[in-house]
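Handing you this structure, nothing more for now.
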Amino acid sequence: MSTTNRSPRPSTLVAQACANVAGFSDLFKRLKRRMKTSGRSESTLNNYARHVAQMALHFHMLPTELDEDQIEDYLYLLQRQHNTPS
């Protein structure tokens, strides 16, 4: 009987950001608390957290530390990558 070695499941973007971006874990905890107290669903939290983590990983810093130009450049990059009009 042979067994297949499954590779470990890739980490989520949030887990990667928590591990690789200083302060992201605390930022995520605050986001989670705010989303819960404002009545947002778990799905909304997961979607917001995933996008915030992706931005943190892109810049290797917390999104709260970015300036307006960095945010605009990032949004422009996403828009070009996905060919979205807005």
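In the range 36-85, which residues are in contact with a Leu (Cβ under 9 Å, 6 or more places away or on another chain) and over 20 Å from A15 (Cβ atoms)?
Result: Y74, T84.
Go through the range 53-64 and give me each residue that's assigned to a helix (DSSP H, G or I) and exposed (fewer than 12 other Cβ atoms within 10 Å of the Cβ). It would help to see each step written out before you state the result.
Of the range 53-64, the ones assigned to a helix (DSSP H, G or I) are 53-59, 63-64.
Across the range 53-64, the qualifying residue is only T64.
Here are the criteria: (1) surrounded by 15 or more Cβ atoms within 10 Å (Cβ to Cβ); (2) modelled with pLDDT under 95. Tell me which single one T3 does not satisfy.
With (1) surrounded by 15 or more Cβ atoms within 10 Å (Cβ to Cβ); (2) modelled with pLDDT under 95 applied to T3, the lone miss is (1).
The values are calculated or read from the model by the stated rules, or taken from the named source; none is laboratory data. Remember, predicted model here, so these are calculated numbers, not experimental data. Heads up, the Cβs are rebuilt from the backbone with ideal geometry, glycines too, and the neighbour counts pull from every protein chain shown.
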